[in-house]
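Taken together, the values in this text are just the output of simple stated rules run on the coordinates, not laboratory data. Computed from a prediction, not measured in an experiment: that's the story for all the values here. Virtual Cβ from ideal backbone geometry, glycine too; neighbours counted across all protein chains shown.
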Amino acid sequence: MNEGIIDSSGNVFIDLGFPPDEAAILQMRADLMADLRKLIKAKRLTQAEAGEILGISQSRVSDLIRGKWERFSLEMLIALATRAGMRVTLKRAA
């Protein structure tokens, strides 16, 4: 291993020093936001169209697209993903 390079734990939030429980939630939020952004881009939706599908305002879609994760709870992101037609499941690993 090179000096100054640290192997990742697989969760950037753990690597940044968050406690494991908080890091797990933050990672889930980040993953859901990324999936929603990809869906909006893939379907070439305007922010207004995405807002109609997701049941939120255009300004909230803008927050989502800009990655303002602190403005969305995990529960809200699950609701948005479900409204977008995604199937959201929680998997636990040992």
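Of all residues in the stretch 1-35, which are acidic (Asp, Glu) and within 13 Å of the chain's Cα centre (by Cα)?
Hits for the stretch 1-35 are 31, 35.
Out of the stretch 13-54, which residues are of a type in the set (Asp, Glu) and farther than 16 Å from residue 69 by Cα?
15, 21, 49, 52
Within the stretch 50-70, how many residues are surrounded by 12 or more Cβ atoms within 10 Å (Cβ to Cβ), of a type outside the set (A, V, I, L, M) and farther than 15 Å from residue 34 by Cβ?
Result for the stretch 50-70: 6.
Output the residue which, of all residues in the stretch 1-49 that are among the β-branched types (Val, Ile, Thr) and in contact (Cβ under 8 Å) with a residue 12 or more places away in the chain, is surrounded by the most Cβ atoms within 10 Å (Cβ to Cβ).
Here the residue is 40.
Could you list all residues from the stretch 60-88 that are closer than 19 Å to residue 24 by Cα and either hydroxyl-bearing (Ser, Thr, Tyr) or in contact with a Pro (Cβ under 8 Å, 6 or more places away or on another chain) (or both)?
73
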